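Okay, structure first, notes after.
The values are calculated or read from the model by the stated rules, or taken from the named source; none is laboratory data. Bear in mind that the values here come from a model prediction, so they are computed numbers and not experimental data. Neighbour counts run over all protein chains shown; Cβ positions are idealised from the backbone, glycine included.
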Amino acid sequence: MASQDWFEKDFYSVLGVPQDASESDIKKAYRKLARKWHPDKNPGDAAAEQKFKEIGEANAVLSDPEKRQEYDAVRQMVRGGARFTAGAGGPGGGGGAGGFEDIFSAFGAGGPGGPGGTRVRYSTGGGAEGISLEDLLSGLGGQGGSPFGGAFGGGRGGYSDYGGYSEYGAPAGPRPGRDVEANASLSFRQAASGDTVTLRDSDGKTVTARIPAGVKDGQKVRLRGKGEPGQPGAKAGDLILHVSVEPHPVFGRDGRNLTVDLPVTFAEAALGATVEVPTLDGKPVKVRVAPGTPSGRVLRVKGRGIKTGKGTGDLLAKVQVVVPQRLTDEATKAVEALRDQEQQEGLDPRSDLLEKATR
């Protein structure tokens, strides 16, 4: 930024706030304007891009208490006109507020017009009658960048270049680490009960991760801080695991519930029985099959499903009546007797099916 910019620009007008605006008012006005004029919302619009830069420049000065104080002091200097007289007291010898005396007093020296000082006339233009303000300010220790360099505690310039700033013009700060994605194949038991797995990337680096209990096939698991490290002072990225779960030969899942097909004989289903049902922890439980239980009925065992942080599911045993493949002569005669009895009673399990099919 050229050293004259603060004399020529009204940052309060740029943000649309009064000079006595609070920090909160400045922040609100800046955010509103930054959203409106952001280049992402105005692609290809050079005017919008320039407006966004001006907004960022104004906010960079007014949101910083020290820079705002310096800016206000400089703006106060130019309100009375382009020419200033520095000397002992100024007109009338009274010391006059708001002139160069106030600015130079910030440096702890007498400045022109102080004790031992010389009466000099300054002008915003160069030439014989005065010196350029830009020359004057650069002589006070300025270093390109901040309009007043070391004299006013500045040092970093380029407020109008939003490329090195965050999306709303503020300094971006240390960059956090990137998220990393990986695939993890788990056994059914690992997914149900949770497990600690070790992953290895293409560079041979290993990452140990704890998989929570109850993870499902196709689920994404985010492990905080297990991704790429960030810059100093910034957090690491996350590791996002795409989980695939191998099927189990016996168990299935329905949310937190475990499912299992429970084979029973025709006699057990017809007459009733108490049978054992396997569980995931290897300890079978006994369930009662009521007399006349049909194939497909589900028997529920409370609390023997999958345990997660949100609760524990049940074990759902679905009855499957097994038809015998071979019968002894005695068993055959018994089944034939049952058939003859059903026919005499007119029992037809398909009667409702045929009736409903004609509707």
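Worth a mention:
- Condition check for V289: surrounded by 11 or more Cβ atoms within 10 Å (Cβ to Cβ) and either at pLDDT below 90 or in contact with a Leu (Cβ under 9 Å, 6 or more places away or on another chain) (or both): yes
- Condition check for G255: under 26 Å from G194 (Cβ atoms), without any contact (Cβ under 8 Å) to a residue 12 or more places away in the chain and not assigned by TED's automatic domain parsing to the domain that holds V197: no
- Positions within the stretch 256-276 being hydrophobic (A, V, I, L, M, F, W, C), surrounded by fewer than 17 Cβ atoms within 10 Å (Cβ to Cβ) and not in a helix (DSSP H, G or I), in sequence order: A273
- Those residues of the stretch 327-357 which are in a helix (DSSP H, G or I) and of a type in the set (K, R), in sequence order: K333, R339, K356
- Restricting the stretch 199-240 to residues that are in a strand (DSSP E or B) and touching a residue at least 60 places away in the same chain (Cβ under 8 Å) leaves a set whose member that is surrounded by the fewest Cβ atoms within 10 Å (Cβ to Cβ) is I240.
- Within the stretch 316-356, tally of residues that are within 30 Å of I306 (Cα to Cα) and of a type in the set (K, R): 1
- Restricting attention to the stretch 217-226 and to residues that are under 15 Å from N183 (Cβ atoms) and not acidic (D, E), the residue that is nearest to the chain's Cα centre (by Cα) turns out to be R222.
- Residue pairs meeting the criteria (Cβ under 8 Å; at least 6 apart or on separate chains; first on the phi > 0 side of the Ramachandran plot and small (G, A, S), in the stretch 286-302; second surrounded by 10 or more Cβ atoms within 10 Å (Cβ to Cβ) and not in a strand (DSSP E or B)): G292/A269; G292/A270; G292/G272
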